Amino acid sequence: MEEKDKENVLNMIKDRPQSLCKMCGKCCRVVTTEDTYEKILEKIENGDTYAKDFLSIFVPFKSIEDARKESAEIVDNILKRTSQKIEDITFYKCKYLRDDNKCGDYKNRPLLCRLNPFSPWSIVPPNCGFQSWLDEQKELKIKEIKHQKDNLKELKELLKIAKTQNQIDEINKRISKTEEIIAYYEKYGSKEW
Ligand code: SF4
Ligand code: SF4
């Protein structure tokens, strides 16, 4: 994960109510990622520590059928909700998950565990304690992005009447920042909001 993305994720989860977690261990038992397995390997080659942490704890299942043997409920929930192509999906299980569903290395768990679920759009397992909260966060985020789109329109109008180079530079800076925020959510459909 790039630093900018990490900052966005940290902002998104800073008020996350950890008490919602039911400690069911499902999100450690069978997971998948937005990136393909090959993309994760490529990111590791390029020095991405987040990707490296991921493959240091998560072991890929050989096939979707193997993952279904671990938990058909979780796999089918993901397959039902994902927009990824089935051939791009790899499922993984954390090697530290214990039989009692607790983490076997809780104190040393990497950042990615502490950030889970990453975003309001994360596909969480059935009955995850975070689902309703994530749905609320999604609505709030959509509202915020709509507001940013209004801001963008206003800034573009202001640019038309800016008189000095300083004003133009300042407005352009704000336009870039706002476009960046909107673009970050494009993968979740921000163009349509
Ligand atoms: S699936 Fe949800 S409730 Fe269960 S351990 Fe993971 S975050 Fe907690
Ligand atoms: S390190 Fe612990 S918290 Fe993280 S995925 Fe594995 S079992 Fe779950």
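Just the residues that are without any contact (Cβ under 8 Å) to a residue 60 or more places away in the chain, surrounded by fewer than 16 Cβ atoms within 10 Å (Cβ to Cβ), within 16 Å of ligand 2 (Cβ to nearest atom) and among the charged types (D, E, K, R), please, taken from the range 20-71.
Selection gives LYS52, GLU70.
Exactly one of these conditions fails for LYS141: (1) more than 25 Å from TYR50 (Cα to Cα); (2) of a type in the set (Lys, Arg); (3) surrounded by 17 or more Cβ atoms within 10 Å (Cβ to Cβ). Give me its number.
Result: LYS141 passes all but (1).
Residues that are in a helix (DSSP H, G or I) and in contact with an Asp or Glu (Cβ under 9 Å, 6 or more places away or on another chain): does the range 126-136 have at least one?
Within the range 126-136, none of the residues are in a helix (DSSP H, G or I) and in contact with an Asp or Glu (Cβ under 9 Å, 6 or more places away or on another chain).
ASP150 is checked against (1) touching a Lys or Arg at 6+ places or on another chain (Cβ under 7 Å); (2) free of Cβ contacts under 8 Å to residues at least 12 places away in the same chain and fails just one. What number does that condition carry?
(1)
Name every residue in the range 147-188 that is closer than 20 Å to GLU7 by Cα and in contact with a helix residue (DSSP H, G or I) (Cβ under 9 Å, 6 or more places away or on another chain), in order of residue number.
GLN148, ARG174, ILE175, THR178, GLU179, GLU180, ILE181, ILE182, ALA183, TYR184, TYR185, TYR188
Tally up the residues in the range 72-125 that are of a type in the set (Ser, Thr, Tyr), out of contact with any strand residue (DSSP E or B) (no Cβ under 9 Å at 6 or more places or on another chain) and either near ligand 2 (Cβ under 10 Å from one of its atoms) or assigned to a helix (DSSP H, G or I) (or both), please.
Adding up the residues that qualify gives 1.
Only one of LYS43, LYS4, LYS69 is more than 16 Å from ligand 1 (Cβ to nearest atom) and modelled with pLDDT under 95. Can you tell me which?
None of the others qualify; the one that does is LYS4.
Quick one: LEU152 ticks every box in (1) surrounded by 14 or more Cβ atoms within 10 Å (Cβ to Cβ); (2) within 24 Å of LYS14 (Cβ to Cβ) except a single one, so which number is it?
Exception for LEU152: condition (2).
Which one of these is on the phi < 0 side of the Ramachandran plot and at pLDDT below 95: LYS160, LYS173, LYS141, LYS177?
Result: LYS141 is the single residue among LYS160, LYS173, LYS141, LYS177 that is on the phi < 0 side of the Ramachandran plot and at pLDDT below 95.
The values are calculated or read from the model by the stated rules, or taken from the named source; none is laboratory data. Everything numeric here is computed off the predicted structure, so don't read it as measured data. Here Cβ is always computed from backbone atoms with ideal geometry, including for glycine, and neighbour counts include all displayed protein chains.
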